[in-house]
Amino acid sequence: MIEHYFQRADVLIRLQSGPVGPYLPGFLRALEQRRFSHDSIRRYVRGADTLCRWLDGQGIALVEANQKHIEAYVCHYARLPDNRYIQGRLSKAASSLPRIATLLGEQGILCGCVPLSKPEEWLARFDNHLMRVHGISRNSRDNYVRYARGLIQSLQMNDIASPRSLSSVGKRIGIFSSCAGKAVA
């Protein structure tokens, strides 16, 4: 089946002998069922191969890889200059990784999860908000999340999911995110 998309023998051998090799038939079926174009399927297969080789090189088992590992991989891609985005935009290869991860997750790999406590879940959502809404870089987000973690610990909150606790922390964190917005602008 993969021979339909890649004809060169050396490419076929590389793909089939790589870490993603055993999962390629299912991955290709999933792409075909979703009616991706021939060129898109080729790009996704190459992207999956590159991602899995990078994970293997980092010593991360494919079945244990999770979202944090994929984010670390995306950080290796240079952002392309674009006037519409302050930080630039992701390349096609990097922007296709969420879909690749989802499809590989259906094959039983890249679906490891990191168990998080309630405060850590909230901090992860805050980090995601800073990245998506404000476009803040990883290093700056780490600082804001560290400050938020310190605030939560200083309030000695045991149950961050309660509405009273969330609104209290949310107001204080609002200070951080408003500062974050000014730092980017």
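A quick yes/no check of all residues on (1) assigned by TED's automatic domain parsing to the domain that holds L15; (2) of a type outside the set (K, R); (3) without any contact (Cβ under 8 Å) to a residue 60 or more places away in the chain:
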{"site": "Q58", "(1), (2), (3)": "yes, yes, yes"}
{"site": "V63", "(1), (2), (3)": "yes, yes, yes"}
{"site": "Q67", "(1), (2), (3)": "yes, yes, yes"}
{"site": "C75", "(1), (2), (3)": "yes, yes, no"}
{"site": "Q87", "(1), (2), (3)": "yes, yes, yes"}
{"site": "L90", "(1), (2), (3)": "yes, yes, yes"}
{"site": "D127", "(1), (2), (3)": "no, yes, yes"}
{"site": "Y147", "(1), (2), (3)": "no, yes, yes"}
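From the residues in segment 1-14 that are assigned to a helix (DSSP H, G or I) and more than 16 Å from L31 (Cα to Cα), which one is farthest from the chain's Cα centre (by Cα)?
The extreme case among them is A9.
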Count of segment 96-110 residues which are among the aliphatic types (A, V, I, L, M) and assigned to a loop (DSSP other than H, G, I, E, B): 2
Every residue from segment 123-168 that is part of a loop (DSSP other than H, G, I, E, B) and either at pLDDT 80 or above or surrounded by 11 or more Cβ atoms within 10 Å (Cβ to Cβ) (or both): G135, I136, S137, L155, M157, I160, A161, S162
Residues within segment 89-107 that are surrounded by 18 or more Cβ atoms within 10 Å (Cβ to Cβ) and not polar (S, T, N, Q), tallied: 6
Subset of segment 57-89 (residues that are under 12 Å from the mean Cα position of the chain (by Cα), among the hydrophobic types (A, V, I, L, M, F, W, C) and outside any helix (DSSP H, G or I)): A65, C75
Yes/no for Q7 being farther than 18 Å from G105 by Cβ and either hydrophobic (A, V, I, L, M, F, W, C) or in contact with a Leu (Cβ under 9 Å, 6 or more places away or on another chain) (or both): no
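The values are calculated or read from the model by the stated rules, or taken from the named source; none is laboratory data. Since this is a predicted model, take the numbers as computed values, not measurements. Reconstructed Cβ throughout: ideal geometry from the backbone, glycine too, with neighbour counts over all protein chains shown.
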